[in-house]
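Asker: Got a structure here, written out as structure tokens. Questions coming.
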Amino acid sequence: MTRVLVVDDQELVRAGLASLLRTAPDITHVSEVSDGEAAVEAARRERWDVVLMDIRLPGMSGIAATEEILREVPDPPRVIVLTTFDVDEYVYAALRAGACGFLLKDTSPRRLVEAVRIVTRGEMLFAPAVTRRLVEAYTRQPSSAVEPEALSELTAREREVLRLVGLGIDNEAIARQLYVTAGTVKTHLHRIMGKLSLNSRAQAVVMAYESGLVVPGQTR
């Protein structure tokens with residue numbers, strides 16, 4: 001059963017999201033907070049499976065709160081960021097911070113509940129190709145630069161897997177391309193994320209671009 005924390009500074013939006021989630025039979029507990037600091041404290045105090053995090057919050061932003069939760073909370077929750085626009089520099093920053101996906105605030109009730117179920121299963125909320133489009137839109141920012149040495153702990157095969165993940169290719173297609181099983185690809189990706197301290201596949205896509213393994217416009 002699933003526990004969800006809703007973070008939004010607009011009381012009407014926050015209450016509406018929480019009310020919708022409480023109608024789902026497999027969501028056992030829903031709580032609400034109105035700012036980033038309160039979200040971090042709630043994550044430290046209780047265990048949550050999913051956090052719905054508004055990006056634009058007073059005081060500590062949703063991005064900063066996401067970073068702190070994923071960095072400091074043991075067995076951290078999956079974070080879905082809430083935004084008004086689907087291509088937005090804040091969404092890119094949230095993916096860098098470790099969010100597993102995003103939802104538009106006009107998402108249908110059915111889609112909202114299904115999104116929580118998707119990330120609870122450990123899946124990304126949107127296709128790798130969508131992640132790639134977002135990353136390509138913002139990866140040329142000067143602040144995005146990451147030294148290639150960041151990948152020095154990876155084996156040659158792990159670097160290749162990370163490159164293919166960055167291209168938006170799913171595990172099954174990567175397995176076919178490398179002539180290995182999908183399970184082997186998953187193992188490589190697990191090791192990559194551990195070595196690079198990544199919390200989500202989206203972060204792996206961002207790292208592939210920022211380290212230079214993939215460049216904007218590259219398709220293979």
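Asker: Roughly how much of M193 is accessible, in Å² to the nearest 10, using a 1.4 Å probe?
Answerer: 40 Å²
Asker: While we're on this one: E149 to S19: extension gain in nm, 0.36 nm per residue of separation minus the Cα-Cα distance? Write down the numbers at each step before the final one.
Answerer: Working: separation 130, 0.36 × 130 = 46.80 nm, distance 4.69 nm.
That pair, E149 and S19, stretches by 42.1 nm at full extension.
Asker: Here is a further query. Could you work out [θ]222 nm for the chain from helices alone, using -39500 (n - 2.57) per DSSP H run of at least four and dividing by all its residues? Round to the nearest 500 deg cm²/dmol.
Answerer: Roughly -15000 deg cm²/dmol at 222 nm, from the helical runs in the chain.
Asker: Moving on. Round to the nearest 10 and report in Å² the accessible area of Y90, as given by a 1.4 Å probe over the protein chains' heavy atoms.
Answerer: Ignoring ligands and nucleic acids, Y90 comes out at about 90 Å².
Asker: Quick one: accessible surface of T155, probe radius 1.4 Å, all protein chains present, in square angstrom to the nearest 10.
Answerer: 70 Å²
Asker: Go through (i) 57, 35, 32; (ii) 92, 44, 23; (iii) 48, 37, 30 and flag the label whose value is the computed Cα extents along the principal axes in Å for this structure.
Answerer: Correct label is (iii).
Asker: When the chain is modelled as a GNM with alpha-carbon springs shorter than 10 Å, which of A115, A42, A173 fluctuates the most?
Answerer: With Cα springs under 10 Å in the chain, the top fluctuation among A115, A42, A173 is at A173.
Asker: Can you tell me the length gained on complete extension of the stretch R191 to M60, counting 0.36 nm per residue apart and subtracting the Cα distance?
Answerer: Between R191 and M60, full extension yields 44.0 nm more.
Asker: Specify the inter-centroid distance of region 149-220 and region 16-38, based on alpha-carbon positions, in whole Å.
Answerer: Cα centres, region 149-220 to region 16-38: 34 Å.
Asker: Let me ask something additional. Taking springs between alpha-carbon atoms closer than 10 angstrom, which of L104, L57, L134 fluctuates most in the Gaussian network model of the chain?
Answerer: Residue with maximal mean-square fluctuation among L104, L57, L134: L104.
Asker: I need to check one value: relative contact order of the chain, counting alpha carbon pairs closer than 8 Å and at least 6 residues apart, in percent.
Answerer: In percent, rounded to a whole number, it is 17.
Asker: Also, quick follow-up: Would you mind computing, in nm to one decimal, how far apart the modelled labels at A156 and L178 are, each placed 7 Å from Cα along Cα→Cβ?
Answerer: The two pseudo-label positions are separated by 1.4 nm.
Asker: How do 8-15, 92-99 rank on mean C-beta neighbours within 10 Å, highest first?
Answerer: For the peptides 8-15, 92-99, the packing ranking is 92-99, 8-15.
The values are calculated or read from the model by the stated rules, or taken from the named source; none is laboratory data. Bear in mind the structure is a predicted one, so any value in this text is a computation, not a measurement. Methodologically, a virtual Cβ is constructed for each residue, glycine included, from the backbone with ideal geometry; neighbour enumeration extends over all protein chains shown. Ligands, DNA and RNA are excluded from the accessible area calculation, which covers all protein heavy atoms including side chains. Shrake-Rupley method; radii C 1.70, N 1.55, O 1.52, S 1.80 Å.
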